[in-house]
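What follows is a single structure, written as structure tokens, with notes after it.
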Amino acid sequence: MKREFLDLGKQPLGNKFLSEEQFDTEFFYNLKVVFDEDTKLVSMKEFVKPEQIYDAEYPYWTSQSVPMIEHFKKTAEMLKDEFEIDKVLEIGSNDGTFIKNFNKENTVCVEPCDNFAKYINEELNYKTYNDYWTTDLAKNIGDNHGKFDLIYSANCISHINDLEDTFEAVKSLLTDRGIFVFEDPSCLSVLKRNSYDQIYDEHPHLFSVISLNNLLSNHGLELFRVDNLKVHGGSNRIFARLTSDNPPEDSVTNNINQESDFGLNWFETYEDFGKRVEQSKKDLLELLHKAKSEGKKVLSIGATAKSIIVFNYCGIDESLIQCITDTTPNKQNLLQPGTHIPVVDRKDIDITEYDYAFLGAWNFVDYIREQETEFKGQYITHVPEVHCV
Ligand code: JHZ
């Protein structure tokens, strides 16, 4: 049985930055979040069709966030050092930031967004299937390339509505020694940090290790290792293989115990989180209204999908936050979905004119503070509770 514990209201799509001419056709959906009592999985109550999200203009280029380039380089090195890998398949390759660390000859990428698939195929010359990850596609890839020692996916598996088909497709393409490694935001971190902005159209599921252990085992896959990562405010890197007689590493039991101790098996834990989210909204609005009444200027750094959720849920508009800066050219000089706050190139504004900077990309707080040497105001964040840094 699925039970609802959070209602984040009417939301626009997480990466559809727009111009004024597009206001009439802007798409909204109801963002409600449920807990499945059987599998312990957290998901959106109603999914958005992927075709509405991952189009040829999808603007999130992984390489625009400098810390992520280093993250994927280190991940690739670790995998090459610790496992026997000849052939690699990546699901959701985005702009190729991860796959570039592997030899072209032995790799296959899967990427539904036309812009990235074209870029990886034609600019980087890595074999890429411009399609969604499904059992049908896996059959086609298997016929053409055989099986893989590593199937890797970062911030993509939690984006896929149909997990049953996803895991079946993975199982069908793993060699006997093969590993399936994927990383996504951690449910435990989200609940601990009240980072409710990790749930939206592109993130229809929020994974706990407990839920993944349940789901993978239904598909002939077993979880054998979990790495806890700092990226994206706390992610888990999950290692799975075909079901075997080998025991899992201690990290699996340790993570499951930690999550159980926090209460991730119980609906009431999620209900409490829902209450904290409502409080977070009140606190953020109070802080921003106070700043406004004092005539202070506020901007936001990072036109993240996350900040779209926060601003739309809280009802924040240009009167409270005047603009959003972002390094991604495809987001600049457009308006944030829903709120229509302008997104600008950081280079086009004088940051010394602003008193507060909301951390839209709170997950890169250290990097941003290092870069923003001219900013003399205070940072605002809602993670883990609303406060000034
Ligand atoms: P970032 C996206 O989420 C969408 P978002 C997606 N669903 C997902 O899963 C994650 O990414 C991985 C900019 N920036 O990574 C670049 C600055 O302007 O937190 C990006 O637009 N200055 C696929 O959007 C954004 O912020 C900076 O100094 O919530 C960061 O987006 C840095 C470091 C970034 O993810």
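The values are calculated or read from the model by the stated rules, or taken from the named source; none is laboratory data. Note that the coordinates shown come from a computational prediction; the quantities given were computed from them, not determined experimentally. So basically every Cβ, Gly included, is an ideal-geometry build from the backbone, and we count neighbours across all protein chains shown. Calculation scope for accessible area: heavy atoms of the full protein, side chains included, ligands and nucleic acids excluded. Shrake-Rupley method; radii C 1.70, N 1.55, O 1.52, S 1.80 Å.
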What number of residues within the range 106-115 satisfy the criterion of being closer than 21 Å to residue 173 by Cβ and either under 19 Å from the mean Cα position of the chain (by Cα) or crowded, with 19+ Cβ neighbours inside 10 Å (or both)? 6
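Residues are listed down the side, and each one gets a yes or a no for (1) in contact (Cβ under 8 Å) with a residue 60 or more places away in the chain; (2) of a type outside the set (D, E, K, R); (3) over 25 Å from residue 277 (Cβ atoms); (4) surrounded by fewer than 17 Cβ atoms within 10 Å (Cβ to Cβ):
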| residue | (1), (2), (3), (4) |
| --- | --- |
| 327 | yes, yes, yes, no |
| 334 | yes, yes, yes, no |
| 361 | yes, yes, no, no |
| 370 | no, no, yes, yes |
| 384 | yes, yes, no, yes |
Heads up, the strands (runs of 3 or more DSSP E) in the range 140-243 (entirely inside) with at least 1 residues that are open to solvent by less than 10 Å² (accessible area, probe 1.4 Å), closer than 25 Å to residue 15 by Cβ and not basic (Lys, Arg) are 148-154, 174-185, 235-242
Which listed residue, of 199, 160, is within 14 Å of the ligand (Cβ to nearest atom) and either over 23 Å from residue 75 (Cα atoms) or over 19 Å from the mean Cα position of the chain (by Cα) (or both): 199
Selection from the range 39-79 of residues that are open to solvent by 60 Å² or more (accessible area, probe 1.4 Å), touching a helix residue (DSSP H, G or I) at 6+ places or on another chain (Cβ under 8 Å) and of a type outside the set (Ser, Thr, Tyr): 57, 66, 69, 73, 77
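Okay, residues lined up against (1) open to solvent by 10 Å² or more (accessible area, probe 1.4 Å); (2) within 14 Å of the ligand (Cβ to nearest atom); (3) not in a loop (DSSP other than H, G, I, E, B):
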{"position": "311", "(1), (2), (3)": "no, yes, yes"}
{"position": "316", "(1), (2), (3)": "no, no, no"}
{"position": "321", "(1), (2), (3)": "no, no, no"}
{"position": "324", "(1), (2), (3)": "no, yes, yes"}
{"position": "357", "(1), (2), (3)": "no, yes, yes"}
{"position": "373", "(1), (2), (3)": "yes, yes, no"}
{"position": "376", "(1), (2), (3)": "yes, no, no"}
{"position": "380", "(1), (2), (3)": "no, no, yes"}
Within the range 284-307, take every residue that is within 29 Å of the chain's Cα centre (by Cα) and assigned to a helix (DSSP H, G or I) and give me the one that is farthest from the ligand (Cβ to nearest atom). 286
Among the numbered criteria (1) more than 16 Å from the ligand (Cβ to nearest atom); (2) of a type outside the set (Asp, Glu); (3) surrounded by fewer than 22 Cβ atoms within 10 Å (Cβ to Cβ); (4) at negative phi, which single criterion is violated by residue 132? (1)
